[in-house]
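**Student:** Structure below; questions to follow.
The values are calculated or read from the model by the stated rules, or taken from the named source; none is laboratory data. For clarity, every value in this text was computed on a predicted model and none was experimentally measured. Counting neighbours? That spans all protein chains shown, and the Cβs are built from the backbone with ideal geometry, glycine included. The protein model used for the area step is the full one, side chains on, heavy atoms only, and it has no ligands, DNA or RNA in it. Shrake-Rupley method; radii C 1.70, N 1.55, O 1.52, S 1.80 Å.
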Amino acid sequence: MELQIYIDGKWFPKSEAKISVFDHGLLYGDGVFEGIRAYHGLVFKLSEHLDRLWESAHTLMLEIPISKKEMEKAIIETLRKNHFNDAYIRVVVTRGTGDLGLDPAKCKRATIFIITDKITLYPESLYKKGLDLITVPTVRNLPEAVNPAIKSLNYLNNILAKIEGKNSGCIEALMLNHQGYVAECTGDNIFMVKNALLLTPPTYLGALKGVTRQAIIEIAESKKIKFEERILTRHDLFNAEEVFLTGTAAEVIPVVKIDGRVIGTGKPGGVTADLRKAFQALTQKDGVRYSSS
Ligand code: PXG
């Protein structure tokens, strides 16, 4: 059976799931999105993702024409129609169909679509080996411009960084903010461990308020691991004992090299492994339950 996609209250087979070329999401990147995961019939941190979606939309003065409860139902129905127990869920809300001008007022109603699909994961060998990162020249967007805390459809800042990282042979790239402080990676937040202290940059320096980031902070608190948000430089990362990334797709992945500098022992560290295990345990028991059959 073809993948079933939700668009504005109806489901369409993938080959027929289409939106207008006049949609401002396409013409201007005017819209917001979320990437969510379901683990064996549990949607992980669904309300946190929906809260972030609604906050991103609110800042853009984009009215989502259904309630959070209706969105939750639409997501679950899409998972059920596709018989997915495990899935990646992409929720997109665009400004809607307008004319060729910028004016969002010409778009009468936001377009909503939901894609559920199999998730492509990093190979397990990378978790064993750890990632090699490179700092890229493209810096994070200024919070005073399009704030990187908004999960908008305009991801060109991240895409440029991703291209630059890949040009240098790295699948993830480290992004600094305009002041040269560590912000995050193209699709993941960053943490470091040193002297039994877990650190991550504050999001106001130009990072997304990652749902996985928040889950890791809460796990660390429950394990009595000392945690602080701190302004970090590349020098701090180079001299960390451990560095790891967090994100919905990657979960928790160790970093062993940055810009040619070996991090710690050059092997994934123990704190990272502990946090990864605890995070995976959480995904197995926490979430909004649904039945895919
Ligand atoms: N920072 C950025 C810039 C992100 O886009 C994260 C951090 C992690 O946030 P969560 O809430 O997932 O813990 C993200 C989200 C991909 C892909 O294909 C990844 C994201 C978004 C879109 C695509 O790798 N990550």
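**Student:** Of the residues His58, His40, which is open to solvent by 30 Å² or more (accessible area, probe 1.4 Å) and within 23 Å of Gly287 (Cα to Cα)?
**Tutor:** When all the criteria are applied, what remains is His40.
**Student:** Evaluate region 246-256: report whether one residue or more is in contact (Cβ under 8 Å) with a residue 40 or more places away in the chain and open to solvent by 80 Å² or more (accessible area, probe 1.4 Å).
**Tutor:** Within region 246-256 (the criterion being in contact (Cβ under 8 Å) with a residue 40 or more places away in the chain and open to solvent by 80 Å² or more (accessible area, probe 1.4 Å)), the answer is no, since none of the residues qualifies.
**Student:** Take region 12-26 and flag every residue that is among the small types (Gly, Ala, Ser) and exposed (fewer than 15 other Cβ atoms within 10 Å of the Cβ).
**Tutor:** Selection gives Ser15, Ser20.
**Student:** Let me ask you something else. Within region 64-83, can one find any residue that is within 16 Å of the ligand (Cβ to nearest atom), surrounded by fewer than 18 Cβ atoms within 10 Å (Cβ to Cβ) and not hydroxyl-bearing (Ser, Thr, Tyr)?
**Tutor:** No; the residues of region 64-83 include none that is within 16 Å of the ligand (Cβ to nearest atom), surrounded by fewer than 18 Cβ atoms within 10 Å (Cβ to Cβ) and not hydroxyl-bearing (Ser, Thr, Tyr).
**Student:** Please count how many residues of region 228-245 are part of a strand (DSSP E or B) and farther than 29 Å from Thr120 by Cβ.
**Tutor:** To start, the set of residues in region 228-245 that are part of a strand (DSSP E or B) comprises 228-229, 242-245.
Filter again for farther than 29 Å from Thr120 by Cβ, leaving 228-229.
Adding up the residues that qualify gives 2.
**Student:** Let me ask something else. Could you tell me how many of the residues in region 246-285 are under 21 Å from Lys223 (Cβ atoms) and either of a type in the set (Phe, Trp, Tyr) or outside any strand (DSSP E or B) (or both)?
**Tutor:** 20
**Student:** In region 56-71, how many are under 15 Å from the mean Cα position of the chain (by Cα) and without any contact (Cβ under 8 Å) to a residue 60 or more places away in the chain?
**Tutor:** So the answer is 0.
**Student:** Shifting gears a bit: Tally up the residues in region 9-34 that are in contact (Cβ under 8 Å) with a residue 24 or more places away in the chain and either more than 24 Å from His49 (Cα to Cα) or away from the ligand (no atom under 16 Å from the Cβ) (or both), please.
**Tutor:** Result for region 9-34: 12.
**Student:** Where residues in region 257-279 are out of contact with any Lys or Arg (no Cβ under 9 Å at 6 or more places or on another chain) and charged (D, E, K, R), which of them is least open to solvent (accessible area, probe 1.4 Å)?
**Tutor:** Arg276
**Student:** Do you know which of the residues in region 135-188 that are in contact (Cβ under 8 Å) with a residue 60 or more places away in the chain and part of a strand (DSSP E or B) is most open to solvent (accessible area, probe 1.4 Å)?
**Tutor:** Within region 135-188, the match that is most open to solvent (accessible area, probe 1.4 Å) is Thr135.
**Student:** So which residues in region 202-212 are within 8 Å of the ligand (Cβ to nearest atom) and crowded, with 20+ Cβ neighbours inside 10 Å, if there are any at all?
**Tutor:** Correct list: Ala207, Leu208, Gly210, Val211, Thr212.
**Student:** Only one of these conditions is not met by Leu198: (1) open to solvent by 10 Å² or more (accessible area, probe 1.4 Å); (2) more than 12 Å from the ligand (Cβ to nearest atom); (3) touching a residue at least 24 places away in the same chain (Cβ under 8 Å); (4) within 26 Å of Lys257 (Cβ to Cβ). Which number is it?
**Tutor:** Looking at each condition in turn, Leu198 falls short on (1).
**Student:** Scan region 213-223 and give yes if some residue there is within 16 Å of the ligand (Cβ to nearest atom) and assigned to a strand (DSSP E or B), otherwise no.
**Tutor:** no
**Student:** Have a look at Thr97, Thr111 and point out the one that is open to solvent by 60 Å² or more (accessible area, probe 1.4 Å) and not aliphatic (A, V, I, L, M).
**Tutor:** On inspection, the qualifying residue turns out to be Thr97.
**Student:** From Thr78, Thr94, grab the single residue that is closer than 20 Å to Arg109 by Cα and hydroxyl-bearing (Ser, Thr, Tyr).
**Tutor:** Exactly one of Thr78, Thr94 is closer than 20 Å to Arg109 by Cα and hydroxyl-bearing (Ser, Thr, Tyr), namely Thr94.
**Student:** Within the set of pairs 6+ apart or on separate chains, which have a first residue in region 276-293 that is of a type in the set (Ser, Thr, Tyr), a second that is in a helix (DSSP H, G or I) and surrounded by 12 or more Cβ atoms within 10 Å (Cβ to Cβ), and C-beta atoms under 7 Å apart?
**Tutor:** The qualifying pairs are Tyr290/Ile76; Tyr290/Leu79; Tyr290/Arg80; Ser292/Leu79; Ser292/Arg80.
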